[in-house]
1. Given the Cα atoms of the protein assembly as shown, and with Rh set as the inverse mean 1/r over their pairs in the Kirkwood sense, what is Rg to Rh to two decimals?
2. Please give the helix A:227-241 orientation as an angle from the longest Cα principal axis of chain A, in degrees from 0 to 90, rounded to the nearest 10.
3. When a footprinting reagent is the concern and you count Cβ atoms within 10 Å, what order do A:Trp196, B:Trp280, B:Trp295 take, fewest first?
4. Spit out the partnerless Cys residues in chain A, using Cβ distances under 4.7 Å as the pairing rule.
5. Using θ = phi - 60° and the Karplus form 6.51 cos²θ - 1.76 cosθ + 1.60, what ³J(HN,Hα) does each residue of segment B:412-421 get, whole Hz, x for Gly and Pro?
6. Just B:Gly113, B:Gly206, B:Gly45 to compare: in a GNM of chain B, with alpha carbon springs under 10 Å, which one fluctuates most?
7. Give the residue list of GluC sites (Glu not before Pro) in segment A:65-111 that are DSSP loop and have at most 14 other beta-carbon atoms within 10 angstrom.
8. Compute the long axis of helix B:311-329 from its Cα atoms, compare it with the longest principal axis of the Cα atoms of chain B, and write down the angle in degrees, 0 to 90, nearest 10.
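Please treat every number below as a calculation from the coordinates, not as lab data. Note that the structure is predicted; figures quoted are calculated from it, not measured. Every residue, glycine as well, gets a Cβ built from its backbone with ideal geometry; the counts of neighbours run over all protein chains shown.
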2 protein chains.
Amino acid sequence: MAVKNAFYAQSGGPTAVINASACAVIETARAHPDKIGKVFAGRNGIVGALTEDLIDTSLESPADIARLRTTPGAAFGSCRYKLKSIEEHRAQYERLIEVCRAHDIGYFFYNGGNDSMDTAWKVSQLSEKMGHPLICVGVPKTVDNDLPLTDCCPGFGSVAKYVATSIREAGLDVASMARTSTKIFVLEVMGRHAGWITAACGLASGSGADSGQPPHILLFPEVPFDEAAFLARVQQCVDRYDYCTIAVSEGLKTADGKFVSEQGGKDAFGHSQLGGAGQWIAQLIKDKLGHKYHWALADYLQRAARHIASKTDADQAYALGKAAVELAVAGRNAVMPTVQRLADAPYRWEVGVAELKDVANVERKMPADFISADGFHITDKCRAYLAPLIEGEDYPPYRHGLPDYVSLKNIAVPRQLGEFKV
Amino acid sequence: MAVKNAFYAQSGGPTAVINASACAVIETARAHPDKIGKVFAGRNGIVGALTEDLIDTSLESPADIARLRTTPGAAFGSCRYKLKSIEEHRAQYERLIEVCRAHDIGYFFYNGGNDSMDTAWKVSQLSEKMGHPLICVGVPKTVDNDLPLTDCCPGFGSVAKYVATSIREAGLDVASMARTSTKIFVLEVMGRHAGWITAACGLASGSGADSGQPPHILLFPEVPFDEAAFLARVQQCVDRYDYCTIAVSEGLKTADGKFVSEQGGKDAFGHSQLGGAGQWIAQLIKDKLGHKYHWALADYLQRAARHIASKTDADQAYALGKAAVELAVAGRNAVMPTVQRLADAPYRWEVGVAELKDVANVERKMPADFISADGFHITDKCRAYLAPLIEGEDYPPYRHGLPDYVSLKNIAVPRQLGEFKV
């Protein structure tokens, strides 16, 4: 293939390290001038491709691109937008190909989670179906850690480090005052269907639930909420330690499969918008046991917390972005680089490759043996899996006391085509 | 005075750096063996003194005491307990003196905020009234930054750094998705009556409200909430920037002086327990303007976040703990060391001294000219005041990917007296 431009887009919720993958894609593309011309980024993800709203990353300095590595958010904008099947929405795919032709795009990098890998897989099939040569490679990213065929997902390790640190710190605070004041602290964390982030909170308690160290109780979306057992455990902690700290997933469900709290509304993919499980749990304890509580809702703070990113995570995000470009220039279509774990301790890993068709729309569940028998904490096996993912600190530069994050110029590529309604 | 033991207690809500003051008190006391014997810490603050539940800090290793400098929470336990006047509750004061006599305590260090400095002042008057020689020195601490006669309060700078960093990071996240998803992000921060912490969020927006950088709007407890003006400003931000980020104080009040949201209940001092202002504001925007929102409640996370402590703050917390002991061994009773600012930029400060009688129960308000004319942001004058307080990083040590905080042995001093009911 002659020199072709590349398209890169960020998709779904941002993470603390998705821009590290962006940095790697652009830096690695620049290192292959014999194969790749310019990297055009979609403004607001795939929507930017459909609307021909492309950002010319060649106009950004090497120094600014390097700073992406330590900047959270999605530097080119992201979106939640899932392409339907080619049969259902042929016009969108024709438009994609039209945009690729107009801008001489031969490489397509899509940086996202489950839904995005489905989109990437569909795009990877276009070359054959629509007669425009296009190599499509997925770059994994999701705080939910639920992509299959990779040991972990870039973005998760940093959230894990943030939530574990936060509940350790808040736990020390609550312990200080428990004798005469607040006895209950609840931290609500993300995780609609899988309890990976909730599990990560468990790392703070060191040698397990019996350590007495926060968090004392974890409430997973995988374990139907048993009010009586839960309240008994809370009271047991208060009796033993004077206080009780709880991490609860936003996706906690009752035995009949309903979310304990729903904000109402649905997102673009039809997922329920959740929130309030933490408050609900805290109020339940107050109502039934009478203990004074505080609760925190980490929300976006957890996935944007680049200031306490995991070095392992940041390194993997960069490595997979780099590998994606290397796979593409080697002519590999419809693949996604992965993390393959070689050993737990000391942790060793290498980059692997998965087929997008095997990744698309498959959600990796947390193994059942990662949750303790009583359903309220993690097992040693889970601990062994999680521990390496939060290893290492990778601080951003600071200026005037605050993390110094880059804002790119994000200059648009001149449009060549007419409008397209998405 | 012959060699006497010292009593040290932590009071009120913990901060990220109150243990740095504890570290300084103990290390400095150990450096004056000619004046100070052992340092006994009150378990759970002043309650520990009343119940004769004293911790013998001489049994802690120098290494563990040194690690207090980077450990959040209150290592000896804290409480909210305000002594009434000597006339009203003479029995408590007599008990305090009895405990001091029994354990040969001649120095009394009380580490806390407004209410605690009132207690310290009362204790400082005991020596004369009750005939037991006792030197009492206050050590300032409060995330609320509302103690008078000191330029700032240890604990505040670290919260300030945390909230400004958090809203900068979450702002990048929201900006990434705003075109097609969440447009509103609300962060609720502490500050019952004074907007210092809310103001600190404003540091993230760099050169001011017109920078377009998060946070776009600050809602102070000092400014009665004007719904129409607020909603107009939110819509203006959405029109201009596609999104709007808001920091709101837990103590936000309507024009008639009522908190916009109350959890109900009151703490030991009769203060209303607040919570929910963030959710209330977010829902208001959704109801009136229809924008999708996310909100976060930092709660204890903000005051426990030692992982992102301000170096300035940690240094001052240590310096004032050290100064307290030096004042005491020099025979100064009824005083509190303070931070005196010498210059804004480059920042220079020195330790000063205030009389406890002038500090007790005086709440320092945020100056009116720190809030912009429209009431929705901070002024350059405020920025000049706040900026140095978040300067510098002072990372704790890490172990297995998490901050490695110390747990002291906290061994009790053998009791010599009978029980006392508090």
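1. 1.00
2. Result, in degrees: 70.
3. Listing A:Trp196, B:Trp280, B:Trp295 from fewest to most nearby Cβ atoms yields B:Trp280, B:Trp295, A:Trp196.
4. Here A:Cys23, A:Cys79, A:Cys100, A:Cys136, A:Cys152, A:Cys153, A:Cys201, A:Cys382 come out as lacking a disulfide-compatible partner, given the Cβ-Cβ threshold of under 4.7 Å.
5. 6, 6, x, 6, 10, 10, x, 5, 9, 8
6. It is B:Gly206.
7. Details: sites: A:Glu87, A:Glu88, A:Glu94, A:Glu98; in loops: A:Glu87, A:Glu88.
Hits after loop and neighbour filter: A:Glu87, A:Glu88.
8. 20 degrees
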